[in-house]
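A.B. asks: Provided herewith is a single structure, encoded as structure tokens, for subsequent inquiry.
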Amino acid sequence: MIALRMLNVTLRGATLAGKLALVFFLAKLLSPEEVGHYGLLAATLGWLIYLVGCEFYAFSTRDLIGRDAPQVLGLLRNQGILFAITHVAVWPFVLFAFYSDLLPGHYWPWFILLLALEHLGLELGRMLVALSRPVTASFVLFLRGGAWCIVAAAAMWLVPALRSLDFLFAAWFVGALAALVLGMVRLLELPRSSLRQPIDWRWIAVGLRTSLPLMVASLAVRCIFTIDRFWADALGGPATLGAYVLFVGLAMAVLSFLDAAVIDFAYPRIVATVKSGRVEDYFTAMKGLAMSVVISVLVLCAGCWVTSLALVYWLDNPTYSKNAFLLPWILLATAIYGISMIPHVGLYARGQDKVIIFSQLAALAAFVIIATLGSGAGISIVPFALVGAFTLLLVWKSIAFWFTRRQILADAALAN
């Protein structure tokens, strides 16, 4: 078990290293404008993944935990049918965004392919974690977000002719496809008898009733991580956007590692304690999660800060150096958001979905209001608005979790 845990941590650490390496080399080898285009496309892709996914995993993972193995593939097939429908539904809107120049035009084929592969790879990773296959999930994550980044960065460094976004997206496509194949092979080891059953549209409908409100909440948060790029572009121009994307990319690597190495492993265990009614185990697991999140956030943000200082010096580009003042605010926003995941997981495990929805909608509203009122301050208002939005999110969820904790303890006292 210790060896498997170490392998898992190593793979997720390598994924973080790959993401960081890609950010470094893109900033060194491409123009700030190209880095800005990449950031817009990647952020929009991330937002759409949540849209086409409908947050259905919030229902399906809770439902899959504790299910017998012969039932699993049939349920995953049902989920796949839903995703096929949602992907086809968003294609016209994606094509319109490229046609109208909201997004850089000629990258649309890569965008549609990557949307499908990245989304399915993400869902497979979640299912593998829920099915207690964390090491395979880590390999899938490494292929999706680490291996191809390392290969692409090395190739672009060694071969100047490959220094383009088209090559970058081609490498991303190969990595995402390899991750999808690995995840599918592992899942197909499960009993296949349930695949012969008809599609369970009722199960899908029940799941959508549960997940769609959560989708609204998730889209609100992801919208913050998307429109901030467009806001930075409008206030600072393409080159400044490139600098903003670089610094946000460093911060997002922190959140990616936190999600993959801490949150993904904690929530199935915490959900299981709630399902079984083990109150003491629930609070013990939540304390462990809190300690892991706080330590990870502090260590990773400190490491990101030190790394960024060296990175700006290495890049030797005035666009990045003159915008380096943005980074402390971005890291502060990252730390606040990371810590807000502690009460978020506790509320999610207990089915407190309404609290999550309203808090995240309020955070989006706070970002828009702060960014709008402070637009006269220029690009600096964007990370400041992130800090304000995520502070509201943390406070709202923490207060809600505190009241939930009091209720749990009161119920337990009455039961005894």
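The values are calculated or read from the model by the stated rules, or taken from the named source; none is laboratory data. Given the structure is predicted, the values throughout are model-derived calculations rather than measurements. Here Cβ is always computed from backbone atoms with ideal geometry, including for glycine, and neighbour counts include all displayed protein chains. These area figures cover heavy atoms from the full protein model, side chains too; ligands, DNA and RNA do not enter into them. Shrake-Rupley method; radii C 1.70, N 1.55, O 1.52, S 1.80 Å.
A.B. asks: For all pairs of alpha-carbon atoms in region 169-238, what percent lies in each bin of width 5 Å, listed from the first bin to the last filled one?
C.D. replies: Whole-percent P(r) values from 0 Å outward: 3, 11, 8, 9, 13, 21, 15, 8, 5, 3, 2, 0.
A.B. asks: Determine the share of region 89-220's accessible area contributed by carbon and sulfur atoms, expressed in whole percent, with a 1.4 angstrom probe. Show your work: numbers first, answer last.
C.D. replies: Details: 4640 of 6350 Å².
In region 89-220, the share of accessible area belonging to carbon and sulfur is 73 percent.
A.B. asks: So what J values fall out for region 16-32 if you push phi through Karplus, 6.51 cos²θ - 1.76 cosθ + 1.60 with θ = phi - 60°, rounded to Hz, Gly and Pro as x?
C.D. replies: 4, 4, x, 4, 5, 4, 5, 4, 4, 6, 4, 5, 7, 9, 10, 6, x
A.B. asks: Fully extended, how many nm does the chain gain between Val216 and Leu409 (0.36 nm per residue separation, minus their Cα-Cα distance)?
C.D. replies: Numbers: separation 193, 0.36 × 193 = 69.48 nm, distance 3.05 nm.
Computed gain between Val216 and Leu409 is 66.4 nm.
A.B. asks: Moving on. Would you please give the FRET efficiency between Phe325 and Ala302, computed as 1/(1 + (r/R0)^6) with r the Cβ-Cβ distance and R0 = 25 Å, to the nearest 0.05?
C.D. replies: Details: r = 18 Å, r/R0 = 0.73.
Once rounded, the FRET efficiency stands at 0.85.
A.B. asks: Note down the accessible area of Glu34, probe 1.4 Å, to the nearest 10 Å².
C.D. replies: The accessible area comes out at roughly 60 Å².
A.B. asks: Moving on to the next point. What whole-number distance in Å separates the alpha-carbon centres of region 323-389 and region 199-240?
C.D. replies: 14
A.B. asks: Additional query: Tell me the Kirkwood radius of region 1-160: reciprocal of the mean inverse pair distance over distinct alpha-carbon atoms, in Å.
C.D. replies: On the way: mean 1/r = 0.0569 Å⁻¹.
Radius from the Kirkwood sum: 17.6 Å.
A.B. asks: Let me ask something additional. Tell me the per residue accessible area of region 287-370 using a 1.4 Å probe; a whole number in Å² is fine.
C.D. replies: Values: 3820 Å² over 84 residues.
About 46 Å² of surface per residue is accessible.
A.B. asks: Percent of Cα-Cα pairs per 5 Å bin, from 0 to the last occupied bin, for region 208-332, please list those.
C.D. replies: Calculated over all Cα pairs of region 208-332, the distribution is 2, 9, 14, 15, 16, 15, 10, 8, 5, 3, 1, 0 percent.
A.B. asks: With r defined as the distance between the Cβ atoms of Lys287 and Arg192 and R0 fixed at 60 Å, what FRET efficiency is calculated, to the nearest 0.05?
C.D. replies: Working: r = 41 Å, r/R0 = 0.68.
Once the sixth-power term is evaluated, E becomes 0.90.
A.B. asks: In whole Hz, what ³J(HN,Hα) sequence does region 163-176 give by Karplus (6.51, -1.76, 1.60; θ = phi - 60°), x for Gly and Pro?
C.D. replies: The phi angles translate into 7, 8, 5, 5, 5, 4, 5, 5, 5, 4, 4, 4, x, 5 Hz.
A.B. asks: On to the next question. Can you tell me how much longer the chain between Ser31 and Leu7 gets when fully stretched, taken as 0.36 nm per residue apart minus their C-alpha distance, in nm with one decimal? Please report the intermediate quantities before stating the final value.
C.D. replies: Numbers: separation 24, 0.36 × 24 = 8.64 nm, distance 3.65 nm.
Full-extension gain reported as 5.0 nm.
A.B. asks: Charges at C-beta only: +1 for Lys and Arg, -1 for Asp and Glu. How large is the resulting dipole of the chain about its Cα centre, in Debye rounded to 20? Let's see the in-between values first.
C.D. replies: Working: 28 positive and 20 negative charges, 207 e Å.
I would put it at about 1000 debye.
A.B. asks: Which percent of the accessible area of region 334-416 is formed by carbon and sulfur heavy atoms (probe 1.4 angstrom)?
C.D. replies: In region 334-416, the share of accessible area belonging to carbon and sulfur is 70 percent.
A.B. asks: Using θ = phi - 60° and the Karplus curve 6.51 cos²θ - 1.76 cosθ + 1.60, what whole-Hz ³J(HN,Hα) does each residue of region 143-149 get, with Gly and Pro shown as x?
C.D. replies: With coefficients 6.51, -1.76 and 1.60, one gets 5, 5, x, x, 4, 5, 5 Hz.
A.B. asks: Here is a follow-up. Just the number please: accessible area per residue for region 51-102, 1.4 Å probe, all protein chains included, in Å².
C.D. replies: It amounts to 45 Å² per residue over region 51-102.
A.B. asks: Follow-up question, since we're still on this one. So if I place +1 on the C-beta of Lys and Arg and -1 on the C-beta of Asp and Glu, and nothing else carries charge, what would the dipole magnitude of region 194-310 be about its Cα centre? I want it in debye, nearest 20.
C.D. replies: Once rounded to the nearest 20, the dipole reads 420 debye.
A.B. asks: Also: Quick one: length gained pulling Leu361 to Ala154 fully straight, 0.36 nm per residue minus the C-alpha distance?
C.D. replies: Numbers: separation 207, 0.36 × 207 = 74.52 nm, distance 4.06 nm.
Result: 70.5 nm gained on full extension.
A.B. asks: Also, quick follow-up: First check a/c for region 64-153, with a ≥ b ≥ c the square roots of the eigenvalues of its C-alpha gyration tensor; if it is under 1.5, answer rounded, and if not, answer prolate when a/b is larger than b/c or oblate otherwise. Each step should come with its number before you reach the end.
C.D. replies: Working: a/c = 4.30, a/b = 1.50, b/c = 2.87.
Note, shape of region 64-153 comes out oblate.
A.B. asks: Return one whole number: the accessible area per residue of region 122-161 in Å², for a 1.4 Å probe.
C.D. replies: Values: 1470 Å² over 40 residues.
It amounts to 37 Å² per residue over region 122-161.
A.B. asks: Now for a separate question. Anyone know which of Ala171, Ala335, Ala155 comes out most mobile in the 10 Å Cα GNM of the chain?
C.D. replies: Ala155
A.B. asks: A follow-up question, please. Describe numerically, in nm with one decimal, the distance between label points set 7 Å from Cα along Cα→Cβ at Thr86 and at Phe230.
C.D. replies: Placing both labels 7 Å beyond Cα along the Cβ direction yields 2.0 nm.
A.B. asks: Using only Cα atoms and rounding to the nearest 10 degrees, what angle (0 to 90) does helix 264-275 make with the longest principal axis of the chain?
C.D. replies: On a 0 to 90 degree scale, this one is about 20.
A.B. asks: Quote the convex hull volume per residue of region 327-405, based on C-alpha atoms, as a whole number of Å³. Walk me through the numbers on the way to the answer.
C.D. replies: On the way: hull volume 5.1 nm³, N = 79.
Value for region 327-405: 65 Å³ per residue.
A.B. asks: For the chain, how many pairs of lysine residues have a Cα-Cα distance under 30 Å, where the two are 8 or more positions apart or belong to different chains?
C.D. replies: Step by step, the pairs that qualify in the chain add up to 11.
A.B. asks: Each label point is 7 Å from the Cα along the Cα-to-Cβ direction; what then is the distance between the points at Val135 and Lys275, in nm?
C.D. replies: Taking the simple label geometry, Val135 and Lys275 are separated by 2.3 nm.
A.B. asks: OK, next. Obtain the nm distance between the two label points defined at Leu208 and Ala377 by a simple spin-label model: each point lies 7 Å from its Cα along the Cα-to-C-beta direction.
C.D. replies: A separation of 4.3 nm, rounded to one decimal place.
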